[in-house]
Amino acid sequence: MSDEPAGLVRPDRRRPEPLWHQAEMALRDLIDQGEWAPGLQIPNEDRLCEMLGISRITLRHALRNLEEAGMLRREHGRGTFVRSATMVAGVRGLTSFTDEMQTLAVSPGTRLLHAQMIAATREIAEALEIAEGDSVVQLRRLRLGNGQPIGIQTTHLPAARAPGLFEAASDVTSLYRWLKDNAGIVPVKAKEVYRVGAVAAGDAADLELPEGTPAFEVERITFDQRSPFEFAVSTMRADRYEIRSTLYV
């Protein structure tokens with residue numbers, strides 16, 4: 001095909017490295033060597049899978065790592081582009097909301113708003129690296145600090161990886177502790193995206209704020225040693241939740 005870069009090295013299943021790692025290195029080389037210039041829109045997922053000879057799930061693993069490294073940026077509705085600049089914020093510890101609040105000497109609290117089993121939408125499936133339509137446990141929770149509302153978090157977990165969670169949802173105070181004790185899941189890393197947003201009409205009463213009040217919109221994908229196990233979308237009160245970073249020269 002005419003759009004296939006001359007320097008592309010296709011993953012080889014006979015090599016010991018995972019296919020996603022080989023694909024990540026192949027794409028990284030195209031950027032490092034200048035075959036994909038800053039600002040260039042890269043081929044879509046179908047074409048990349050064809051070029052590399054890999055599955056969509058394998059490709060998304062590679063693309064996500066390159067986005068995290070600041071080499072690619074995804075624009076909803078437009079596609080994926082080679083980044084021209086990179087900014088890396090300070091590192092935060094990977095903890096549950098409960099542990100984070102306790103570290104800040106704030107009494108944590110959680111109120112379950114609803115729990116349900118749903119079929120994974122395309123967005124959820126991509127985040128969790130599962131098939132669209134797979135069963136997912138959805139927990140919608142009001143997060144509290146010293147009894148005051150801080151945010152509303154909607155969390156999605158593959159039902160197959162957390163058996164019994166849906167039934168126990170009303171008794172779960174710290175999700176990560178429950179997952180460790182009951183499903184053997186221990187988080188090792190998470191990727192977060194923060195955006196400026198506004199309090200939606202359906203969240204206003206629980207957050208005790210007028211509809212449209214500025215807020216943080218946070219997306220988080222959490223991984224254990226095996227794969228992503230949590231996709232969470234949160235609306236956090238900007239007057240009660242801060243983002244602090246430590247920057248180094």
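Per the conditions (1) in a loop (DSSP other than H, G, I, E, B); (2) acidic (Asp, Glu); (3) free of Cβ contacts under 8 Å to residues at least 12 places away in the same chain, the sole criterion not satisfied by ASP181 is (1). When the residues of the range 55-73 are filtered to those that are part of a loop (DSSP other than H, G, I, E, B) and in contact with a helix residue (DSSP H, G or I) (Cβ under 9 Å, 6 or more places away or on another chain), the one that is modelled with the lowest pLDDT is ALA69.
Among the residues that make up the range 218-238, is at least one of them in a loop (DSSP other than H, G, I, E, B), over 18 Å from the mean Cα position of the chain (by Cα) and over 19 Å from ARG111 (Cβ atoms)?
Yes, the conditions are met somewhere in the range 218-238.
Can you pull out every residue in the range 13-44 that is of a type outside the set (A, V, I, L, M), outside any loop (DSSP other than H, G, I, E, B), under 16 Å from ALA69 (Cα atoms) and touching a residue at least 24 places away in the same chain (Cβ under 8 Å)? Show your work before the answer.
Here is the first cut: in the range 13-44, the ones of a type outside the set (A, V, I, L, M) are 13-18, 20-22, 24, 28-29, 32-36, 38-39, 41, 43-44.
In the following step, the residues that additionally are outside any loop (DSSP other than H, G, I, E, B) were identified as 20-22, 24, 28-29, 32, 41.
Right, trim to under 16 Å from ALA69 (Cα atoms) and you get 20-22, 24, 28-29, 32.
The answer is TRP20, HIS21, GLU24, ARG28.
Scanning the range 29-54 for residues that are at pLDDT 90 or above and open to solvent by 60 Å² or more (accessible area, probe 1.4 Å) returns GLN41, ASN44, ASP46, GLU50. The number of residues in the range 158-173 being open to solvent by 40 Å² or more (accessible area, probe 1.4 Å) and in contact (Cβ under 8 Å) with a residue 60 or more places away in the chain comes to 1. Can you name the residue in the range 1-28 that is of a type in the set (A, V, I, L, M) and more than 26 Å from ALA125 (Cβ to Cβ) and, of all such residues, is modelled with the lowest pLDDT? For the range 1-28, the residue satisfying everything is MET1.
Might you check whether a residue that is of a type in the set (D, E, K, R), loosely packed, with under 14 Cβ neighbours inside 10 Å and either within 17 Å of the chain's Cα centre (by Cα) or farther than 16 Å from ALA232 by Cβ (or both) occurs anywhere in the range 182-196?
yes
Of everything in the range 212-243 that is among the acidic types (Asp, Glu) and modelled with pLDDT under 95, the residue that is surrounded by the fewest Cβ atoms within 10 Å (Cβ to Cβ) is GLU242.
The residues on offer are ARG92, ARG111, and the sole one that is modelled with pLDDT under 95, of a type outside the set (Gly, Ala, Ser), surrounded by fewer than 17 Cβ atoms within 10 Å (Cβ to Cβ) and assigned to a strand (DSSP E or B) is ARG111.
Within the range 97-106, restricting attention to residues that are touching a strand residue (DSSP E or B) at 6+ places or on another chain (Cβ under 9 Å) and either in a helix (DSSP H, G or I) or surrounded by 12 or more Cβ atoms within 10 Å (Cβ to Cβ) (or both), the residue that is modelled with the lowest pLDDT is GLN102.
It is to be established whether one or more residues within the range 17-35 are of a type in the set (Phe, Trp, Tyr) and more than 23 Å from LYS189 (Cα to Cα). Please lay out each step first, then the result.
The initial filter retains those residues of the range 17-35 that are of a type in the set (Phe, Trp, Tyr), namely 20.
In the following step, the residues that additionally are more than 23 Å from LYS189 (Cα to Cα) were identified as none.
No: zero hits.
As for the range 117-140, it holds at least one residue that is among the acidic types (Asp, Glu), part of a loop (DSSP other than H, G, I, E, B), in contact (Cβ under 8 Å) with a residue 24 or more places away in the chain and crowded, with 18+ Cβ neighbours inside 10 Å.
The values are calculated or read from the model by the stated rules, or taken from the named source; none is laboratory data. Note that the coordinates shown come from a computational prediction; the quantities given were computed from them, not determined experimentally. Heads up, the Cβs are rebuilt from the backbone with ideal geometry, glycines too, and the neighbour counts pull from every protein chain shown. To get the accessible areas, we keep the full protein, side chains included, count just its heavy atoms, and leave off ligands, DNA and RNA. Shrake-Rupley method; radii C 1.70, N 1.55, O 1.52, S 1.80 Å.
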